[in-house]
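**Q** I have a structure here, written as structure tokens, and I will follow up with some questions on it.
The values are calculated or read from the model by the stated rules, or taken from the named source; none is laboratory data. Treat the numbers as computed from the prediction; the structure is a model and nothing was measured. No Cβ is skipped: glycine too gets one built from the backbone with ideal geometry, and neighbour counts run over all protein chains shown.
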Amino acid sequence: MFKTGCCGSGSNAETNDGYEVVRIEKAKGNCALCEGYAERHQSKPVAVMSCDGACLRGEISRQAANILCHSLAPEKTVRICLGGAFTKDTGQRGLVRDSPRLIALEGCPVNCASRMMAGVIDGLTPEIVQSYKLCDIDKKLFGIDEMPPEEIQALARTVAEKIAATL
Ligand code: SF4
């Protein structure tokens with residue numbers, strides 16, 4: 001859930017009935033390029049968001065989303081800016097809200113992308129793709145510095161190709 005209100009000292013979040021209630025300052029700035037992008041891609045049938053995290057699995061998800069949207073299926077998909085869609089109710093959030101098909105690539109069971117967006121759009125039910133299950137990744141690795149960039153890219157492409165086959 002998402003609401004404004006007074007929060008506890010030292011933290012901007014409260015826990016309440018299984019939800020963490022957060023308070024986000026409204027954006028003062030605007031990105032005209034991003035808004036133009038959102039407008040141009042409104043008619044795409046599939047919106048793709050991803051954990052944009054800093055670990056290896058998040059990076060594989062992020063790159064897979066980029067490969068899918070910009071190389072394998074650019075005519076069908078639009079790549080969502082998760083931070084923009086989550087923190088302000090403008091073009092990116094509209095793409096997530098209105099897309100006929102919404103895919104969330106998740107890098108781990110935290111499911112950050114889908115949970116974040118469900119927090120700001122009531123009733124949102126994206127298709128969750130656990131990208132780490134679509135490629136063969138050494139379970140002991142965590143950081144992006146623990147695998148060569150070419151191998152990360154190859155795993156991301158594997159994930160992207162499997163998703164593209166479902167479009
Ligand atoms: S949410 Fe999970 S996959 Fe994403 S960066 Fe954090 S640990 Fe990695």
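Residue by residue, here is whether (1) touching a Lys or Arg at 6+ places or on another chain (Cβ under 9 Å); (2) within 27 Å of Cys34 (Cα to Cα) holds:
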{"position": "His70", "(1), (2)": "yes, yes"}
{"position": "Thr77", "(1), (2)": "yes, yes"}
{"position": "Leu105", "(1), (2)": "yes, yes"}
{"position": "Tyr132", "(1), (2)": "yes, no"}
{"position": "Pro148", "(1), (2)": "no, no"}
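**Q** State yes or no: is Lys162 among the basic types (Lys, Arg), assigned to a helix (DSSP H, G or I) and either more than 20 Å from Arg101 (Cβ to Cβ) or over 17 Å from the mean Cα position of the chain (by Cα) (or both)?
**A** yes
**Q** Take region 143-167 and flag every residue that is surrounded by 12 or more Cβ atoms within 10 Å (Cβ to Cβ) and within 16 Å of the ligand (Cβ to nearest atom).
**A** Ile144, Glu146, Met147, Ile152, Leu155, Ala156, Val159 - these are the residues of region 143-167 that are surrounded by 12 or more Cβ atoms within 10 Å (Cβ to Cβ) and within 16 Å of the ligand (Cβ to nearest atom).
**Q** Check Arg40, Arg23, Arg79, Arg57 and return the single one that is more than 17 Å from Leu124 (Cβ to Cβ) and within 11 Å of the chain's Cα centre (by Cα).
**A** Result of the check over Arg40, Arg23, Arg79, Arg57: Arg79.
**Q** Given the conditions (1) more than 16 Å from the ligand (Cβ to nearest atom); (2) at pLDDT 95 or above; (3) over 20 Å from Thr166 (Cα atoms); (4) not charged (D, E, K, R), and given that Gly29 satisfies all but one, which numbered condition is not satisfied?
**A** Failed condition: (2).
**Q** Here is a further query. Go through (1) more than 13 Å from the chain's Cα centre (by Cα); (2) in contact (Cβ under 8 Å) with a residue 24 or more places away in the chain for Asp136 and report which single condition fails.
**A** (2)
**Q** Working carefully through the options Gly91, Gly107, Gly119, Gly83, find the one that is touching a residue at least 60 places away in the same chain (Cβ under 8 Å) and either over 20 Å from Glu161 (Cβ atoms) or not aliphatic (A, V, I, L, M) (or both).
**A** Gly119
**Q** How many residues does region 100-114 contain that are part of a loop (DSSP other than H, G, I, E, B) and under 14 Å from the mean Cα position of the chain (by Cα)?
**A** Adding up the residues that qualify gives 5.
**Q** Among the residues in region 121-137, are any within 18 Å of Ala64 (Cα to Cα), away from the ligand (no atom under 16 Å from the Cβ) and not in a helix (DSSP H, G or I)?
**A** yes
**Q** Let me ask something else about it. Out of the helices (runs of 4 or more DSSP H) lying entirely within region 41-99, which hold 2 or more residues that are crowded, with 23+ Cβ neighbours inside 10 Å and within 12 Å of the ligand (Cβ to nearest atom)?
**A** In region 41-99, the matching helices (runs of 4 or more DSSP H) lie at 56-67.
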